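Asker: Structure in structure tokens, see below.
Rule-based calculations on the coordinates, nothing more; no lab input. Quantities reported herein were computed from a predicted structural model and do not represent experimental measurements. Here the Cβ positions follow ideal geometry from the backbone for every residue, glycine too, while neighbour counts run over all protein chains shown.
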Amino acid sequence: MKMTFYGQFVAGEDQESIRPLIQHNKTFGVGCILDYGVEEDLNLVRTKLESCTSEVQRDGSGTSKSEKQYEDHVVFGDCRDDVICARINVYANEAKCDSNMETLLFSIEALGAVSDDNFLAIKLTTLGRPQFLLQFSDMLIKWRRFFHQMAAEQGQAGLAAVDVKLEVAALQESIAKMGIASKAEIEDWFTLETLGESGTVDLLDWSSLIDKTRLSKHLVVPNAQTGQLEPLLSWLTEEKELQMTRMLQRMDVLANKAMEVGVRLMIDAEQTYFQPAINCLTLKMQRRFNVEKPLIFNTYQCYLKEAYDNVTLGVELARREGWCFGAKLVRGAYMTQERACAAEIGYNDPTCPTYEATNAMYYRCLNYVLEEVKHNAKAEVMAATHNEDTVRFTLRRMEELGLHPADRQVYFGQLLGMCDQISFPLGQAGFPVYKYVPYGPVMDVLPYLSRRALENSSIMKGAQRERQLLWQELRQRLFTGRLFRLS
């Protein structure tokens, strides 16, 4: 396996064995996004999930269609034979999460010893309990949905999330009519200090209310089925708060070590039922650590219908709070699984309906961030793609916007072993380009690799393209009598 599949797509088994490949790529101007690519055994995952998911949760009775996406369900374990996804993480206990953190710390140190300005990829489901992320996501989505409900009442349905601005007086009147709080109490929610000069409430203002402890008793949302108001934070027990604190502490330890040795962190996107919480926690860390430059990159999946809203809100939050925006844009690695889960459980498919729609979303998000990068010297973006047309589009837009490779604001990313005909010419031309580099023991990494190979048929088309290029190069060398090149 080391001579074939594993050797092609994996850097090595441990922190020491990966160094030669990282150093070799560096000589060609290609950096590293290191990823510890160990995946859980599928049979073990299935057993664990079925043992911790109750019959009531599996049945889903009493839950509205819009809420099923964020309720515990056994199929969220990604363990069905016909569902392809990039990674499976099952929570064992807090000690296991600490062990995962130690592994990531060793990886950061290994990267720092080789060279600076590389990335370490992190999945937050390895640093805490996925069930907590599920419930936290449910809370965030309910609160966001409540905002859009009131926006519709003010005639602002259908606008991009960043463009929705609620009039404070009308919003206060609506909240008072619902009996959520008195007018005097509501007036204290939205002050000039919290709203700035706009005098209106947007989604970022609305979301910030969750962090205000004094308002916790007033935070309620309509039940999607009954229409009755119910507490938003009723699920947030002392134990859950402790789980969140521990997860943030682990992220804090990793970020401080990364800053110390000159490595940056790439927070991977995961399934949509975890993603709102992952995005929220990542923004908290970016707010703290992205002061001088983007130490922490968030990942945005452009095959999601809400991708543009998520990207524009992230950019606007960074502008408003004065920290450095850093993002990786991907099409996404969970489309088959997301669609299968939506169909089986009964919620709306969160993904774009066609490949063409996904492409349009990717270009829309990328163009928006490139415009931000042009006007903000501290903003950075990585176009993570194997699509040659997308790379050409990015290069063309960089030229049009006057973004130079030496400024190191626009990066490119591909998987190790894939699309070298893109990565290495970019690196040698001076563009910042990175390989996503899995590592880990052979038998532990193979399940991860097999899913990586299957998750996106376009990657296999890319492999066909590489084979064609290799045959062309071989024929050219044979015909010219230069089989081996010295340079």
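Asker: What order do you get for 276-285, 419-428, 153-162 when each peptide is scored by the mean count of other beta carbon atoms within 10 Å, highest first?
Answerer: Descending mean neighbour count gives 276-285, 419-428, 153-162.
Asker: Related question: Residues with beta-carbon under 11 Å from that of Gly322, excluding Gly322: net charge, scoring Lys, Arg +1 and Asp, Glu -1?
Answerer: Net local charge, Gly322 excluded: +3.
Asker: Hey, which of these cross-link pairs are over 26 Å Cα-Cα: Lys177/Lys305; Lys305/Lys328; Lys2/Lys435? The partial results should precede the final answer.
Answerer: On the way: Lys177/Lys305 33 Å; Lys305/Lys328 17 Å; Lys2/Lys435 19 Å.
From Lys177/Lys305; Lys305/Lys328; Lys2/Lys435, over 26 Å: Lys177/Lys305.
Asker: Going by the alpha-carbon gyration tensor, a ≥ b ≥ c the square roots of its eigenvalues, is the range 323-456 rounded (a/c under 1.5) or, if a/c is not under 1.5, prolate (a/b greater than b/c) versus oblate?
Answerer: Working: a/c = 2.14, a/b = 1.34, b/c = 1.60.
Oblate is the answer for the range 323-456, as a/c is 1.5 or above yet b/c matches or exceeds a/b.
Asker: Can you run phi through the Karplus equation (6.51, -1.76, 1.60; θ = phi - 60°) for the range 320-332 and list ³J(HN,Hα) in whole Hz, with x for Gly and Pro?
Answerer: 5, 9, x, 9, 8, 6, x, 8, 10, 9, 10, 6, x
Asker: For the range 299-353, rounded, prolate or oblate, judged on the Cα gyration tensor with a ≥ b ≥ c (square roots of eigenvalues), a/c < 1.5 rounded, else prolate if a/b > b/c?
Answerer: Here the range 299-353 falls in the prolate category.
Asker: Another question about this same structure. Under the rule of at least 5 residues apart or a separate chain, name every residue whose amide H is placed under 5 Å from the amide H of Leu120.
Answerer: Leu34, Arg264, Leu265, Met266
Asker: Continuing with the same structure: Only Cα pairs under 8 Å and at least 6 apart count here; give the relative contact order of the range 198-342 as a rounded whole percent.
Answerer: Once normalised by length, the contact order is 18 percent.
Asker: While we're here: Please give the contour-minus-distance gain from Lys2 to Gln249: 0.36 nm per residue of separation, less the Cα-Cα distance, rounded to one decimal in nm.
Answerer: Result: 85.2 nm gained on full extension.
Asker: Sticking with this structure for a sec: Go through the range 380-389 residue by residue and turn each phi into a ³J(HN,Hα) via Karplus (6.51, -1.76, 1.60, θ = phi - 60°); whole Hz please, and just put x for glycine and proline.
Answerer: 3J(HN,Hα) across the range 380-389, in whole Hz: 9, 9, 10, 8, 8, 7, 9, 8, 5, 5.
Asker: Excluding Gln414 itself, calculate the net charge of residues whose Cβ lies under 10 Å from the Cβ of Gln414, where each Lys or Arg counts +1 and each Asp or Glu counts -1.
Answerer: Values: positive: Lys435; negative: Asp420.
Spelling it out: positives minus negatives among the neighbours equals 0.
Asker: At 0.36 nm per residue, minus the direct Cα-Cα distance, what do Phe106 and Asp407 gain on full extension? Give it in nm, one decimal, please.
Answerer: 105.4 nm
Asker: Which FRET efficiency value, to the nearest 0.05, do you get for Ala170 and Glu238 by plugging their Cβ-Cβ distance into 1/(1 + (r/R0)^6) with R0 = 45 Å?
Answerer: Given R0 = 45 Å and the Cβ-Cβ separation, E is 0.75.
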